[in-house]
Every structure is written in structure tokens, then in C-alpha cells.
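Asker: Structure below; questions to follow.
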Amino acid sequence: MVKPIITVEHLFAQYGDTHVLKDVNLEVNPGEILVVMGGSGSGKSTLLNHMLGLKTPTSGTIMIDGVNIFTAKNKQLRNLRKKMGVAFQGGALLSSLTVADNVRLPLEHNTSLDTQTIDIMVRMKLELMNMAGTGHLMPSELSGGMLKRAGLARAVIMDPKLLFFDEPSAGLDPTTAVELDELILTLRDAMNMTIVVVTHELESVFKIADRVVVLFAGEVVANGTVDEIRNSPDERIQNMINRQPNTQRDDGEVYLNRLLNKDKN
Amino acid sequence: MNIEIETHNNYQVVKLYGEVDLSNSRSIKLDIIKLIKSKNNIIVDFTHLQYIDSSGMASLVEAFNEARENDTEFHIVGANGSPLQVLQLTRLNTVFNLADSVSAVSNNG
Amino acid sequence: MNALFNSVSNLGAATRKNIDSIGLATLFLLRIVSSLFTGLVSFKQVIKQIYFIGNRSLIVIIVAALFTGMVVALQFYDTLVRFGSVDLLGSAVALSLIKELGPVMTALMVIARVGSATCSEIGIMRNEQQFDALDCMAINSYRYVMLPRLLAALFCVPMLTAVFDLVGIGGGYIVGVHIQGESPGAYIQGVMDTISFKDVLVGQIKSLVFGLFIMWIPLYYGFYLHLNQKNMGAEGVSNGTTQAVVMSAIIMLFSDYIVSSLAL
């Protein structure tokens, strides 16, 4: 029995009257790639933001590496974050800094290494991301795929044991998307990272995932291996796999009322 | 993390034990560079090294460069497991002189 | 009856929202200031921001000051000549510039050049999750992003005000002496005789207060851009920037009245 590195228990999130997350439970084991899959509006981004400690839930707990991130003291949280890397959807590079300065940011703020060591580490990570020689560019000069890779370079600069990746292949051409998927697998295999990927791209899910958690309207509807998900009898999951929209068919009367904007009364 | 320095023929053998990471890579680098500055040939022994992160690797690159500038030898021996994977991932296996063991280097020199 | 209830309840909601945002803005400022004591401020960042503010504003402030000084001298000359007291021109120009026009006009120029740029920059950073990224890297956004800008504004606005005052008095000299033909000695004597240390101090205190508001408000609007769902995307940034600029100008002028009335 391996002790999970992340445990999400009974997580609820509510904004106004909208229930974004409804009783989400999941575990991430060390060394695995867990993919949280769901369409837009499924609550997957909200779940990620909670796991990163950027949002506070209505109720529920998330333990990362034995620390409850919602009740942790600032210093505890800071120490935890030094062990976590996060690659954001659009890279989230600081627009006023060059690529190299962005990548070195965590080292400059959290370590006391020599400048030369930091320089070499930055170039090593850029090489790994296939971005050699781009360190002097500004984020505005990069393509979408390069922004993501630069963001990934920054996320792994401290060699974290836990990596979060938001939408690795969204908005990329197929070749670049495949490259990023391979990079994720390399990072896990060579650096022994635990990786949580949030995505809606099925190809990449089936390629990289050890385990998949499917979110639908804020609820976990499936949690299993790639094969288990593929063969799931759940209609919603099959619709997602076969790219069928999930439309609700109501009777003519309700539809007419909606067209006439009468449903509110 | 532990470091032991032994003399073997005309080499200084730096044996690394345990894990090299952000917290100790700088002091290891300074130790090795000090040996290089006094014109010693260096063998870094990875045999008992369990883990090395990229700050450790970057430090070794700096030491390697220092050795070149001082015309001394710099070898890494006994890389295995995770450190070997990191060497391959960063393609530094194409940069360093790698060998299996200390005797493989020192007996040829 | 229903309409009455609705309007009362809307009023209540609006009031509550405004009080909420004042509270949030105050908390925001407290967090920035307290970040000063939890670690070192990046000196490099402060210098960079001082350069940014100075570089953006200096030319425009010199030009604005020149014309402001000239037009003030022109108007005063026209009035004073009727009472035969043209020799008061220097004092009148200098006093109005140092006590009132210098700080206010400088602040308006800085709002236009720096406040708007700052708000949109911070808003874009929010939209692109750059603050989330800083949080996740265990870097304090208040200390790393906000504090240098606030310190730079507190440093720059009084300096720029001083430049404005000097150039404005020079502009008045051009009109008074070279165009209207008053004697240079009378103008300069007038300036020297009337200006007291207290006048300069009040002007500088004003510009320090303005410096605080005209950086704090754009930072606040940019940083909390996401709280208003309507404010997402490029349109949101431009909305937020407009609101921030208007709000900065109004609060700056309001604080001008408060400081003036306290100083008199």
C-alpha cells in the first residue's frame, strides 16, 4: 500500500448559487501521471486551483505531502510550494522579463546558488525543452507552444517532486502537442516526478495517463486506468470519447417557452 | 549527504554519498574547485550517489570547466541508477569523461 | 410599491459593494506595506520603476509645466495690470504653482502616463495567471510587483512636482519678462520674497499623498480585475483601466482639498 502524495477529500466549491465542485474525492500516488479530464464547465480548472492552494473551498480538505493546504501556516505552504512545480495553460511568464529571467525566478528567490550555477541550470532546462538559444527573448516574441514549454521549464527548474500541468496540448498543433506529451513522460521516467495533468484532449489523455479521473459538472464520474475509462459503460464518458455533445432534450413546450423567453416566469 | 576525499595514484577521488541537491551542491562545488585550483586531477565517484538534481549537475559542469582552464583531468565514475538517468536526460554524458570505476581511470593515467 | 422596495434594496446593495471595495483596497495597501517588513525589497526593481515613471513622465511634465506657467502668468498679468500691481506677478505665479497647480497638474500627468499603463499591465498579468504563477513559486507578489511601484511613485511624484514648479516659474518668466516686458529683477524678487518654506512643504506633502493614491488605485484595479466577472479579457482590462484613471483623478482632487484645508 503506497501512501498517496495528494489526497482530496469531500471537496465542495460554490460560487453564489453555482455548485462548481460537488464532493470531489481523489488520490494521487507517488510517481504516477494522473489526468483530470473534463469538458469546459466540468470544474477541472477550479479543482486545479484548489489543489494549488489558490482558492479556498466551501468545505473539504486537500492534503499534499502530509500538509493540509487550506489550514497550513504561510511558512509551511511556502516550503511545500518549493517542492511543487506548476505549468500554466498559457505559460504565465512574467511579461516584463526575458525567458531566461522567468525560468531563473524560482531559483533566485528561493535558493542561494551562485549566479553562474543558476545560468547553467536555466540553459540545461531550456535545452531539455528544446528551446536552446531562446533565453534572451521576451515572452511576447514566443509562439503558444514555446510559451508552454518555457512555462514548463520554469515549473521544473527546482526539480520538484510534484508537477501540475494545466492543458498541456490545448491550442497547439498536433506535432507540438505530441512533443509536449513526450516531455511529460520523460520527466516522470527520468526525474521520477509525480504529475497531475488537467486537460480535455483525449489523445493526450490516453497517451500519457496512468490513471484518469473524469469530472462531469463538478462530480467525479469515473476514476480508473485508461482501459477502464475506455470501456466505461457510463453514457457521458462514451459521449466524451466519441465526441458527442451532451444535449438535454426537453419536450416542445419547454423549448418554446425558452425561445419566447418565458421560462423565467 | 556526505563527501569523502581520498588520494589514488595522482588523482584526488571525491566520493559522493546520498543525495546532492539545492542545499549542498554549492559547498561540494567549492570543495572540488579548491582541489582543482591546487592542480589536482579529479575523479568524482558516483558509485554511492543515490540522487543528484540539476543544481548538482550544473555545479559539476562548472567544476569541469575549471579543470579545463587549469589543465587538470576531470572524470566521473560509477554513475548508476537515477544519477545516470539524469546524466542522460541532460545529455551531459556527452560532455563528461565517464568511466566505470576509480581504478579504470587511475591505472591508465 | 415594489419599485420603491427595489430601489431601496439596490441602494443598499451598492453601498455594501462600495464599502466592501474600500475595505479590500485598504487591506491590499496594508499587505503591500507589511510586505516591506517580511523580506528585502528588490532595489533593482525600485530603480527600474523609478526609471519607468520618470522616463514616461519627465518630457510631458516639462512641456505641460512650461505652458501652465505661461498661461498662468498671462492671466495674472491681465488682472494685475488693471490694479497697477504688475510687480506682484512673480509672487502670484510662484505661489499658485507651488501650492496648487504644480502638485495637481503633475499628478494628472502621472495618472495619464503611468497610472493607466500600470493598471493595464497589472490587469494583463492577472488575466494571464502571472500572479497565480508567482504564488505557486512562493514569491510574494505584493513585495515583488506592488511594493517597488508604490515606492517609486512616492519617490518620483514629489520630484516631478519640483520639476514642474521650476519649469512653470520659468514659463511665467518668459511671458512676464520677454513678452509683457516686466523687469526681470521684479519677477525674480517677487518669487523669492513670497515663497516660504511652509508653502514648499505643503506642496511636497500634497504630491506625496497624490503619489500614494495615483499608484495604489491603479494597482488595486488591476490586481482585483478578476473579482468582476465582466472584467475578463482584453475588454475587461480596458474597462478596469478607465475606471482606475477616473477614480485616481477624483480621489486625488478630493485629497487635494483635504490637505489644503488642513494646511491653511
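Asker: Restricting to segment A:1-57, and then to whatever is small (Gly, Ala, Ser), modelled with pLDDT of 90 or more and over 23 Å from A:Lys207 (Cα atoms), can you tell me which residue is surrounded by the fewest Cβ atoms within 10 Å (Cβ to Cβ)?
Answerer: Checked segment A:1-57; the qualifying residue surrounded by the fewest Cβ atoms within 10 Å (Cβ to Cβ) is A:Gly53.
Asker: Among the residues of segment A:6-52, which ones are touching a helix residue (DSSP H, G or I) at 6+ places or on another chain (Cβ under 8 Å), part of a strand (DSSP E or B) and closer than 18 Å to A:Thr194 by Cβ?
Answerer: A:Ile6, A:Val8, A:Ile33, A:Val35, A:Val36, A:Met37
Asker: Something else now. Between a first residue in segment A:165-192 that is on the phi > 0 side of the Ramachandran plot and a second residue that is in a helix (DSSP H, G or I), which pairs have beta carbons less than 6 Å apart while being 6 or more apart in sequence or on different chains?
Answerer: From residues that are on the phi > 0 side of the Ramachandran plot, the pairs are A:Gly171/A:Gly144.
Asker: Being touching a residue at least 12 places away in the same chain (Cβ under 8 Å), among the hydroxyl-bearing types (Ser, Thr, Tyr), touching a Leu at 6+ places or on another chain (Cβ under 6 Å) and within 12 Å of another protein chain (Cβ to nearest Cβ), is that true of even one residue in segment A:136-143?
Answerer: no
Asker: What is the residue count in segment A:179-225 for residues that are among the small types (Gly, Ala, Ser), part of a helix (DSSP H, G or I) and away from chain B (no Cβ under 14 Å)?
Answerer: Within segment A:179-225, the subset among the small types (Gly, Ala, Ser) is A:190, A:204, A:209, A:217-218, A:222, A:224.
Restricting the remaining residues to those that are part of a helix (DSSP H, G or I) gives A:190, A:204.
Filter once more, keeping what is away from chain B (no Cβ under 14 Å): A:204.
So the answer is 1.
Asker: With a cut-off of at least 2 residues that are in contact with a Lys or Arg (Cβ under 8 Å, 6 or more places away or on another chain), within 11 Å of another protein chain (Cβ to nearest Cβ) and not β-branched (Val, Ile, Thr), name the helices (runs of 4 or more DSSP H) lying wholly within segment B:1-94.
Answerer: Correct list: B:54-69.
Asker: While we're on this one: Taking segment A:153-164 as the search range and keeping residues that are within 24 Å of A:Pro4 (Cβ to Cβ) and in contact (Cβ under 8 Å) with a residue 40 or more places away in the chain, which one is surrounded by the fewest Cβ atoms within 10 Å (Cβ to Cβ)?
Answerer: The selected residue is A:Lys161.
For every residue, the table says whether it meets (1) within 30 Å of C:Val245 (Cβ to Cβ); (2) out of contact with any helix residue (DSSP H, G or I) (no Cβ under 8 Å at 6 or more places or on another chain).
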position: C:Arg143; (1), (2): yes, no
position: C:Leu151; (1), (2): yes, no
position: C:Ala162; (1), (2): yes, no
position: C:Gly176; (1), (2): no, no
position: C:Gln180; (1), (2): no, no
position: C:Gly185; (1), (2): no, yes
position: C:Ile188; (1), (2): no, no
position: C:Leu201; (1), (2): yes, yes
position: C:Gln204; (1), (2): yes, no
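Asker: Now, a different point. So which residues in segment A:207-217 are crowded, with 17+ Cβ neighbours inside 10 Å and at pLDDT below 90?
Answerer: If the condition is that a residue be crowded, with 17+ Cβ neighbours inside 10 Å and at pLDDT below 90, then A:Lys207, A:Phe216 are the ones that fit.
Asker: Output the residues belonging to segment A:59-111 that are in contact with a Phe, Trp or Tyr (Cβ under 8 Å, 6 or more places away or on another chain) and either more than 11 Å from chain C (Cβ to nearest Cβ) or surrounded by fewer than 16 Cβ atoms within 10 Å (Cβ to Cβ) (or both).
Answerer: Those that are in contact with a Phe, Trp or Tyr (Cβ under 8 Å, 6 or more places away or on another chain) and either more than 11 Å from chain C (Cβ to nearest Cβ) or surrounded by fewer than 16 Cβ atoms within 10 Å (Cβ to Cβ) (or both): A:Ser59, A:Gly60, A:Thr61, A:Ile62.
Asker: Being away from chain B (no Cβ under 14 Å), farther than 25 Å from B:Asn24 by Cβ and not in a helix (DSSP H, G or I): is that true of A:Ala132 here?
Answerer: no
Asker: Answer with yes or no whether B:Phe46 is within 18 Å of A:Gln116 (Cα to Cα), of a type in the set (Phe, Trp, Tyr) and within 12 Å of the chain's Cα centre (by Cα).
Answerer: So B:Phe46 fails the test.
Asker: With the checklist (1) at negative phi; (2) out of contact with any Pro (no Cβ under 9 Å at 6 or more places or on another chain) in hand, flag the one item C:Thr118 doesn't pass.
Answerer: Every listed condition holds for C:Thr118 apart from (2).
Asker: How about segment C:1-50: which of its residues are among the hydroxyl-bearing types (Ser, Thr, Tyr) and over 25 Å from A:Leu97 (Cα atoms)?
Answerer: Within segment C:1-50, C:Ser7, C:Ser9, C:Thr15, C:Ser21, C:Thr26, C:Ser34 qualify.
Asker: When you scan segment C:116-135, do you find a residue that is touching a residue at least 12 places away in the same chain (Cβ under 8 Å) and more than 14 Å from every other protein chain (Cβ to nearest Cβ), even just one?
Answerer: yes
Asker: Can I ask one more? Considering only residues that are small (Gly, Ala, Ser), out of contact with any Ser or Thr (no Cβ under 9 Å at 6 or more places or on another chain) and part of a loop (DSSP other than H, G, I, E, B), which ones fall in segment A:85-107?
Answerer: Matches in segment A:85-107: A:Gly90, A:Gly91, A:Ala92, A:Ser96.
Asker: A:Leu183: surrounded by fewer than 16 Cβ atoms within 10 Å (Cβ to Cβ) and among the hydrophobic types (A, V, I, L, M, F, W, C), yes or no?
Answerer: For A:Leu183, the condition - surrounded by fewer than 16 Cβ atoms within 10 Å (Cβ to Cβ) and among the hydrophobic types (A, V, I, L, M, F, W, C) - is not met.
Asker: Taking the criterion of being surrounded by 21 or more Cβ atoms within 10 Å (Cβ to Cβ), of a type in the set (Gly, Ala, Ser) and within 29 Å of A:Leu97 (Cβ to Cβ), would at least one residue in segment C:155-173 satisfy it?
Answerer: No, because not a single residue in segment C:155-173 is surrounded by 21 or more Cβ atoms within 10 Å (Cβ to Cβ), of a type in the set (Gly, Ala, Ser) and within 29 Å of A:Leu97 (Cβ to Cβ).
Asker: Residue pairs, Cβ under 6 Å, 6 or more apart or interchain, first in segment A:69-84 and assigned to a loop (DSSP other than H, G, I, E, B), second basic (Lys, Arg). List them.
Answerer: Short answer, once both residue conditions are applied: A:Lys83/A:Lys161.
Asker: For B:Ser25, indicate whether it is touching a residue at least 12 places away in the same chain (Cβ under 8 Å) and under 13 Å from the mean Cα position of the chain (by Cα).
Answerer: yes
Asker: Read through the list (1) surrounded by fewer than 12 Cβ atoms within 10 Å (Cβ to Cβ); (2) of a type outside the set (Val, Ile, Thr); (3) farther than 20 Å from C:Thr118 by Cα, then give the number of the only condition that C:Ala65 fails.
Answerer: (1)
The values are calculated or read from the model by the stated rules, or taken from the named source; none is laboratory data. Since we're looking at a predicted model, the values are computed, not measured. Don't worry about glycine lacking a Cβ; one is built from the backbone with ideal geometry, like all the others, and counts go over all protein chains shown.
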